[in-house]
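Engineer: First the structure, which I've put down as structure tokens, then a few questions once you've had a look.
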Amino acid sequence: MLRTLRIKNYALVDDLAVEFQPGLNIITGATGAGKSIIVGAVNLILGERASSEVVRTGFDTADMEAVFELPRTQGMKDILNGLGIAAPDDVLLIRREVLSRGQSRCYVNDRMVTLFSLKSIGDRMVDLHGQHEHQSLLNTERHIDYLDHYGDLSEALSRISEVYRELRDKQKKLEYLRNSRKTDEERRKLYEFQIREIEISNLSASEEEKLLAERKVLENVEFLFELSNNLYRQLYEDDASIVERTVLLSRELKKGTQIDSRLTEMDESLESFVIKLQEISRFIEDYKTRLEFDPQRLETIRERLNLLNGLKRKYTKSIGEILAYREQIKTELEQIVNKDELITSLEIEIKNLSRVWERECILLSQKRKSKALELSKKIEKSLSDLGMDKNKFEIKITQQEDVNGLVEREGKRYFASEKGMDGVEFYVSPNPGEELKPLAKIASGGEISRIMLALKSILAKTDQVESMIFDEIDVGIGGEIASAVGRALKNLGLARQVIVVTHLQQIASQGDHHFKVFKETMKGRTVIRIRKLGKEERIEEIARMISGEKISEVTLKQAKEMIKISDASTGD
């Protein structure tokens, strides 16, 4: 339920705050007073897209804030948990900032969220029905959604949607396999040749690096021999070699240790150095003896490297990538060779899945037909209460034959989508004896408003959304019909919080709480205000709605009587 709404620097609003209550909340005001601006701000809080033009002239940011009592539904808890939003007191604070430079920020319980996340939350908090939504009844594609909502068919729809996506994926794969047969033979020959070429080459990912290192040594063996021979002589063989001189130095230093023990550590280090030099000398001697110039091996290495470089240029890949490519085309070749088996297997899978799909579609269609009868009767009853007692209402469910359709029934194929095989359309007969015709073609604006209210009232009983907002649902109606609409809204307010923007006194008089929107001038600028009306103020406002700005004793008395009748109908 919407507890409080605060709007700052939005359009003509400087700073506006209002507390809404359970039951039927009425919002009235003169034409142009700013009622639609308030509804627009609520829309932004619920996740609609924003324009920087809504920011009040002279300010950088427009701020909208709403406090909701959190509905105790698992769906809402799942959404909040998924976003990491805590609501320990079952209270949700939604805040929306719109910047004059075109940006927008959304916060839920002080945690920044995306606009998509905000809308998913807003859709579960408030059902906002504006004038433009009347047109959704004229859009026959929406009729199936209304019926499925009433029938609580989301689980069946989810199953059908899942099977549909799997079926379409397999059909696309089958189509690809069939079409690719044209190029299969060429690809098969190419892949077989490439696999044979790569495997004959006996490649190894680390081979090239080792060959390059070995080639480098063989190409420089003479230099390496001279280098190692010279090093060995200087280290060990020559008179006064480095090893010999170091040994003599060690002996001299040892004499010093007998006099001063502080030289002992250096003596030990020098002895270790002598041992290390001897090890180096032995290694270089062994290295020199092992060096061998092998022109045949060098030529073999060069030929092998040329082969590797040729393969790298041909495949424009490294050796490691060529080996990975071989495994890839092996898999593709196996698929080509086994394509007939794959196609047959897919055809069987599709056939079995189609049976499941057809069964689910038929079951859903049967459920829809049953729910359509229920909903039609309820709408007729509700329309009768709204002054349309002579209207007949019917929800027609049809199937469209299609030779390529996904559903087969009694030897015929029918079009089907992820919503099943049904087409749903609302039909109405406004007068006795007239045949039922499509609602979209014959209903007037006033009739559309009442049908939408009837539908919303019925759907509210199965909906978990606790707050409903109707923005001028009274367009095109008046008199007794307006009174009936007012009573219907009041009854709806017994189970839900209902907020209604209206121009009609018949509806306003039914309110449990009444708010007036008006303009005033502050410091040379027009601002919008809203105020909850007391008992006398409410009478005056309804009297104004009856007669205009000139309020007489007659209209005041009439207003009192309308409120009295409304209160009496609910036992107040």
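Engineer: Starting from residues that are in contact with a strand residue (DSSP E or B) (Cβ under 6 Å, 6 or more places away or on another chain) and among the basic types (Lys, Arg), keep the ones in the stretch 63-98 and report whichever is farthest from VAL18 (Cα to Cα).
Structural biologist: Selected residue: ARG96.
Engineer: If you go through the stretch 21-29 one residue at a time, do you hit one that is part of a helix (DSSP H, G or I), in contact (Cβ under 8 Å) with a residue 12 or more places away in the chain and of a type in the set (Val, Ile, Thr)?
Structural biologist: There is no residue in the stretch 21-29 that is part of a helix (DSSP H, G or I), in contact (Cβ under 8 Å) with a residue 12 or more places away in the chain and of a type in the set (Val, Ile, Thr).
Engineer: Given the options GLU207, GLU226, GLU192, name the one that is in contact (Cβ under 8 Å) with a residue 24 or more places away in the chain and under 28 Å from PHE293 (Cβ atoms).
Structural biologist: GLU207
Engineer: Do you know which residues across the stretch 1-18 are more than 29 Å from the chain's Cα centre (by Cα), part of a strand (DSSP E or B) and buried (at least 17 other Cβ atoms within 10 Å of the Cβ)?
Structural biologist: Hits for the stretch 1-18 are LYS8, ASN9, VAL13, ASP14, LEU16, VAL18.
Engineer: Next question, about the same structure. Taking the residues in the stretch 78-103 that are surrounded by fewer than 17 Cβ atoms within 10 Å (Cβ to Cβ) and modelled with pLDDT of 90 or more as candidates, determine which candidate is nearest to the chain's Cα centre (by Cα).
Structural biologist: LEU93
Engineer: Looking only at helices (runs of 4 or more DSSP H) that lie completely in the stretch 472-558, which have at least 3 residues being of a type in the set (Lys, Arg)?
Structural biologist: Filter on the stretch 472-558 gives 535-547.
Engineer: Any residue at all in the stretch 384-397 that is within 22 Å of LEU157 (Cβ to Cβ) and among the aromatic types (Phe, Trp, Tyr)?
Structural biologist: Checked the stretch 384-397: no residue is within 22 Å of LEU157 (Cβ to Cβ) and among the aromatic types (Phe, Trp, Tyr).
Engineer: For the stretch 55-77, enumerate the residues that are of a type in the set (Val, Ile, Thr) and surrounded by fewer than 19 Cβ atoms within 10 Å (Cβ to Cβ).
Structural biologist: Across the stretch 55-77, the qualifying residues are THR57, THR61, VAL67, THR73.
Engineer: Do the conditions hold for ARG215, that is, is it under 30 Å from GLY405 (Cα atoms) and basic (Lys, Arg)?
Structural biologist: Considered against the rule, which asks whether it is under 30 Å from GLY405 (Cα atoms) and basic (Lys, Arg), ARG215 comes out as no.
Engineer: Do we have ILE45 as in contact with a Gly (Cβ under 6 Å, 6 or more places away or on another chain) and crowded, with 19+ Cβ neighbours inside 10 Å here?
Structural biologist: no
Engineer: Right, here's the next one. Mind counting the residues in the stretch 271-315 that are basic (Lys, Arg) and within 60 Å of the chain's Cα centre (by Cα)?
Structural biologist: Here the count works out to 5.
Engineer: Let me ask something else. Looking only at the stretch 164-184, decide whether some residue is outside the structural domain of VAL42 (by TED's automatic domain parsing) and of a type in the set (Val, Ile, Thr).
Structural biologist: yes
Engineer: May I pose another question? Can you pull out every residue in the stretch 377-398 that is among the hydroxyl-bearing types (Ser, Thr, Tyr) and surrounded by 17 or more Cβ atoms within 10 Å (Cβ to Cβ)?
Structural biologist: SER382
The values are calculated or read from the model by the stated rules, or taken from the named source; none is laboratory data. Quick caveat, the model's predicted, so the values are computed rather than measured. Cβ coordinates were reconstructed from backbone atoms using ideal geometry, including for glycine residues, and neighbour counts include every protein chain displayed.
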